[in-house]
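Undergrad: Have a look at the structure that comes next, please.
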Amino acid sequence: MKRPVAYVAGTGRGIPAKVMTNHDFAALGLDTSHEWIFERTGIVERRIAAPEETTCSMAVTAAKQAMARAGVHAGELDAIVLSTATPDRLLPATAVDLQAQLGATRAAAFDLSAACTGWLYAMTVAEGLMHSGAIETALVVGAEKMSAITDWQDRSTCVLFGDGAGAVVLKRTQNGAHCGILSTFMRSDGTLAELLWRPAGGAAVPFSDAVLQDRTSYVKMAGREVFKHAVRQMSEACDRALDAAKLTGSDIDVLIPHQANNRIIEATAKHAGIPMDKVYVNVDRFGNTSSASIPIAIDEAFERGRLRPGSTALLCAFGAGFTWGSMVIRF
Ligand code: UT7
């Protein structure tokens with residue numbers, strides 16, 4: 001097992017107040033039901049941002065909480081890495097809005113786009129910057145306003161997603177430390193991009209009246225196909241991170257998988273040999289918040305005593321791209 005280079009010094013989350021239950025979809029005139037959504041996904045409700053709430057505003061709340069808990073002030077941040085599939089605008093990055101609002105005057109700030117796996121990618125990038133000696137302290141955020149890119153007329157996708165942000169302060173370890181990131185794993189397969197994507201609204205097919213009419217700037221997903229890949233790749237991701245840390249499922253105190261679907265979570269836990277009472281699940285209350293899901297779950301797991309200093313956790317995610325990845329971390 002390698003000596004950890006980076007450790008989590010504090011966690012936080014920024015969650016919209018508005019709760020939307022499965023029953024609320026009836027008011028939108030959608031042909032769906034609580035029973036269908038709950039049986040297929042495990043989702044009961046999700047949070048939806050108010051019009052004035054943005055990806056950045058949720059990130060600010062999460063970041064301030066993580067910094068307070070870490071005892072780190074804005075001037076100490078060397079880098080802000082913000083993972084999002086829902087930037088507030090395409091240029092410049094949402095990370096620089098966060099940098100400005102925090103007053104992090106010494107920090108580099110950039111967005112990272114790897115969909116639901118984005119926060120794990122962001123953690124690995126920040127860890128790498130610490131390994132190279134370029135930085136000492138980073139804010140690593142996953143923030144998503146999925147409700148802004150969801151097609152509220154498409155029952156096959158709009159019932160799945162929710163809004164929110166999670167953040168951690170990551171710091172470079174001192175020599176001889178045993179807590180921190182023990183292993184990481186990242187993969188991608190862009191040949192499958194069209195199974196989960198926003199076909200239009202970027203530089204290749206810019207916004208136009210036709211795009212608005214066709215609704216092609218919203219998320220499209222081939223759910224059943226994505227499901228099969230998610231189960232396979234989340235399992236592979238768990239194996240790779242455990243192997244690299246020279247651990248097995250029985251060494252893991254808590255599995256925190258990306259929260260997209262209870263059935264995917266259960267299949268992943270079974271493959272990793274981790275009983276469900278060691279798996280942190282909040283998809284019932286938040287739905288799929290894309291790259292915010294793991295840092296939100298970590299923050300909650302600490303608050304609820306499911307994670308403690310010294311706990312060894314396995315994190316894994318799968319998302320559009322496809323991208324997938326994992327991490328073993330000792331808190
Ligand atoms: O964030 C990472 C990436 N995303 C994921 O990991 C999500 C992966 N996929 C899934 O979680 C599941 O595939 C879904 C929850 C999206 C769908 O569950 P499924 O068991 O794969 O259902 P399905 O897509 O095969 O649809 C079954 C039926 C279809 O009707 P027919 O063709 O059998 O008559 C759908 O039209 O359910 C219908 N359906 C719905 N019915 C009621 C689709 N959405 C809904 C809905 N309410 N909201």
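Undergrad: Looking for whichever is at pLDDT 95 or above, assigned by TED's automatic domain parsing to the domain that holds S235 and out of contact with any helix residue (DSSP H, G or I) (no Cβ under 9 Å at 6 or more places or on another chain) here; the options are T184, T191. Which one fits?
TA: Working: T184 fails: out of contact with any helix residue (DSSP H, G or I) (no Cβ under 9 Å at 6 or more places or on another chain).
It is T191.
Undergrad: I've got another one for you. Name the single residue, out of those in region 39-72 being without any contact (Cβ under 8 Å) to a residue 40 or more places away in the chain and open to solvent by 40 Å² or more (accessible area, probe 1.4 Å), that is nearest to the ligand (Cβ to nearest atom).
TA: E39
Undergrad: Something else now. Look at A26 and say whether it is within 16 Å of the ligand (Cβ to nearest atom) and either in a strand (DSSP E or B) or among the small types (G, A, S) (or both).
TA: Yes: the conditions hold for A26.
Undergrad: Mind listing whichever residues of region 306-326 are open to solvent by 10 Å² or more (accessible area, probe 1.4 Å), within 16 Å of the ligand (Cβ to nearest atom) and not in a strand (DSSP E or B)?
TA: A320, G321
Undergrad: Hey, another quick one. Quick one: E136 ticks every box in (1) among the charged types (D, E, K, R); (2) crowded, with 21+ Cβ neighbours inside 10 Å; (3) over 22 Å from D284 (Cα atoms) bar one, so which box is it?
TA: Just one mismatch for E136, condition (2).
Undergrad: Mind checking which residues of region 73-104 are more than 19 Å from K145 (Cβ to Cβ), open to solvent by 10 Å² or more (accessible area, probe 1.4 Å) and touching a Ser or Thr at 6+ places or on another chain (Cβ under 7 Å)?
TA: G75, E76, D78
Undergrad: Report those strands (runs of 3 or more DSSP E) wholly inside region 148-265 carrying at least 1 residues which are charged (D, E, K, R) and open to solvent by 50 Å² or more (accessible area, probe 1.4 Å).
TA: Details: elements: 163-172, 180-188, 254-257.
Result: 163-172, 180-188.
Undergrad: Next question, about the same structure. Restricting region 12-23 to residues that are in contact with a helix residue (DSSP H, G or I) (Cβ under 6 Å, 6 or more places away or on another chain) and within 14 Å of the ligand (Cβ to nearest atom), which is nearest to A68 (Cα to Cα)? Give the derivation first.
TA: If we filter region 12-23 for residues that are in contact with a helix residue (DSSP H, G or I) (Cβ under 6 Å, 6 or more places away or on another chain), which is where we start, we get 12-14, 22-23.
Then keep just the ones that are within 14 Å of the ligand (Cβ to nearest atom); that gives 22-23.
Values: N22: 35, H23: 37 Å.
Restricting to residues being in contact with a helix residue (DSSP H, G or I) (Cβ under 6 Å, 6 or more places away or on another chain) and within 14 Å of the ligand (Cβ to nearest atom), the top hit is N22.
Undergrad: Inspect region 228-239 for any residue being away from the ligand (no atom under 15 Å from the Cβ), hydrophobic (A, V, I, L, M, F, W, C) and out of contact with any helix residue (DSSP H, G or I) (no Cβ under 7 Å at 6 or more places or on another chain) and give the result as yes or no.
TA: Checked region 228-239: no residue is away from the ligand (no atom under 15 Å from the Cβ), hydrophobic (A, V, I, L, M, F, W, C) and out of contact with any helix residue (DSSP H, G or I) (no Cβ under 7 Å at 6 or more places or on another chain).
Undergrad: Further question on the same structure: Regarding N282, is this residue within 14 Å of the chain's Cα centre (by Cα), surrounded by fewer than 20 Cβ atoms within 10 Å (Cβ to Cβ) and either in the same structural domain as D163 (by TED's automatic domain parsing) or under 15 Å from L160 (Cα atoms) (or both)?
TA: Considered against the rule, which asks whether it is within 14 Å of the chain's Cα centre (by Cα), surrounded by fewer than 20 Cβ atoms within 10 Å (Cβ to Cβ) and either in the same structural domain as D163 (by TED's automatic domain parsing) or under 15 Å from L160 (Cα atoms) (or both), N282 comes out as yes.
Undergrad: Sticking with this structure for a sec: Here's a check for you: in region 268-278, which residue that is crowded, with 16+ Cβ neighbours inside 10 Å and more than 19 Å from the chain's Cα centre (by Cα) is nearest to the ligand (Cβ to nearest atom)?
TA: H271
Undergrad: Given (1) of a type in the set (D, E, K, R); (2) part of a helix (DSSP H, G or I); (3) at pLDDT below 95, identify the lone condition not met by K2.
TA: Here K2 meets the rest and fails (2).
Undergrad: Considering each residue of region 184-221, count those that are of a type in the set (K, R) and within 14 Å of the ligand (Cβ to nearest atom), and give that number.
TA: The total comes to 2.
Undergrad: Yes or no: region 279-287 includes at least one residue that is farther than 21 Å from A114 by Cα, assigned to a helix (DSSP H, G or I) and either in contact (Cβ under 8 Å) with a residue 40 or more places away in the chain or more than 9 Å from the ligand (Cβ to nearest atom) (or both).
TA: Within region 279-287, one or more residues are farther than 21 Å from A114 by Cα, assigned to a helix (DSSP H, G or I) and either in contact (Cβ under 8 Å) with a residue 40 or more places away in the chain or more than 9 Å from the ligand (Cβ to nearest atom) (or both).
The values are calculated or read from the model by the stated rules, or taken from the named source; none is laboratory data. Everything quoted here is computed from the prediction, not taken from an experiment. Please note: Cβ atoms are built from the backbone with ideal geometry, for glycine as well, and neighbour counts cover all protein chains shown. Heavy atoms of the whole protein, side chains included, go into the accessibility calculation; ligands, DNA and RNA do not. Shrake-Rupley method; radii C 1.70, N 1.55, O 1.52, S 1.80 Å.
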